[in-house]
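Just below is one structure, and these are the notes that go with it.
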Amino acid sequence: MTDPFKINSPTCISFSGGRTSAYMLWRVLQSNGGLPMEAKVIFCNTGREEEATLKFVSECGSQWGVDITWLEYRQGAEFKKVCFLSASRNGEPFDAAIKQRNPSLPNGRSRYCSSELKTRTMHRYLRSIGWKEWDSFVGIRADEPRRVAKFRANNHPEGAHESVHLPLAIAAISAFDVADFWKQQPFDLKLPNNNGKTMHGNCDLCYLKPASQVLSLITEKPERATWWINHEKEAAKRCSGDGQFFAIDRPNYEQMLKFSQQQTNLFDPNEEAIACFCGD
């Protein structure tokens with residue numbers, strides 16, 4: 001069987017900042033004797049990640065001796081290279097994407113945040129360094145069948161210049177395999193691992209996370225809700241309908257904050273997160 005982690009052509013390794021995509025990067029390094037010249041490892045920072053995520057990305061680079069390109073979206077279909085020290089911590093790239101798409105907020109019917117902040121930002125950078133066609137490695141595991149099916153059905157999300165590959169799914173890697181790997185490492189992501197899932201990962205209160213998970217995160221740290229509440233209040237002044245909310249099928253973030261203060265949980269704890277590009 002061909003090694004799915006072997007690289008023979010220009011390849012973008014999408015690093016979300018989670019344990020799964022970091023494990024995928026490690027497997028790439030093992031299969032290729034380091035990072036091939038024709039590969040780029042890219043982390044796109046939205047400004048809403050936990051500080052532990054940023055530290056983990058930085059530590060993966062230093063521990064494994066690999067150059068990780070940090071990118072952030074900028075208004076006007078632009079991007080900026082940053083680093084651990086200069087990376088945004090207060091949602092500035094996300095703010096810029098919302099301002100660009102004024103007046104509507106991203107939500108389940110218009111998930112432009114992932115496409116602008118991550119996919120297109122990576123593509124703009126790769127084109128800027130002269131890439132015309134490339135493969136993309138995305139950290140989707142074999143135990144995520146819905147996400148695997150989605151990516152395989154849309155293998156060219158931005159056109160024929162990109163071919164998406166899921167090496168972890170091909171190698172039959174599960175969340176348990178990833179968890180076992182990190183138990184043996186001298187460093188790890190300093191965020192809770194619940195049965196292979198990191199509910200603190202990606203944007204802190206992402207609207208694609210289950211409602212019970214968002215409520216738990218707000219209860220743990222109420223100030224997480226402030227950025228999301230402020231954007232929904234501003235959007236309500238600009239537009240009506242779904243565009244003024246991040247989540248259109250549950251209470252808004254201000255209501256979620258009130259529920260957390262009342263220690264009220266009205267949501268299904270077994271609800272699944274909606275599949276998105278961001279990964280783990």
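Coordinate-derived values only; no laboratory data. What you are looking at is a predicted structure, and each value in this text was computed from that prediction instead of being measured. When we count neighbours, we look across all protein chains shown, and the Cβ atoms used for this are built from the backbone with ideal geometry, even at glycine.
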Nearest-5 percent of antiparallel DSSP beta bridges in segment 1-153? 35
Starting from the Cα coordinates of segment 67-202, work out the convex hull volume and express it per residue in Å³. 154
The chain: antiparallel bridges as % of DSSP beta bridges, rounded to 5, reads 30
Run the simple label-point estimate for K6 and S86 please: 7 Å along Cα→C-beta, distance reported in nm. 3.9
Return the Rg/Rh ratio of the chain with Cα-based radii and a Kirkwood Rh. 0.95
Karplus-derived 3J(HN,Hα) from phi for segment 34-44 (6.51 cos²θ - 1.76 cosθ + 1.60, θ = phi - 60°), whole Hz, x at Gly and Pro, runs x, 7, x, 4, 8, 10, 10, 9, 10, 10, 9
When the chain is modelled as a GNM with alpha-carbon springs shorter than 10 Å, which of N252, N102, N45 fluctuates the most? N102
Collect residues whose amide H, placed 1.01 Å from N in the peptide plane, falls under 5 Å from the amide H of L71; neighbours closer than 5 in sequence don't count. F43, C44, N45, V82
What longest region of the chain stays clear of GluC sites (Glu not before Pro) that DSSP places outside H, G, I, E and B and that have at most 15 other Cβ atoms within 10 Å? 159-270
For segment 1-98, what size does the Cα cloud have along each of its three principal axes, sorted from largest down, in whole Å? 45, 27, 20
Applying the gyration tensor rule to the Cα atoms of segment 42-87 (axes a ≥ b ≥ c; rounded if a/c under 1.5, else prolate if a/b exceeds b/c, else oblate), the class is oblate
What list of ³J(HN,Hα) values in whole Hz, one per residue of segment 77-87 in order, does the Karplus curve 6.51 cos²θ - 1.76 cosθ + 1.60 (θ = phi - 60°) give from phi, with Gly and Pro shown as x? 6, 10, 9, 9, 7, 10, 9, 4, 6, 8, 4
Out of all Cα-Cα pairs in segment 128-217, roughly what percent, to the nearest whole number, are more than 23 Å apart? 42
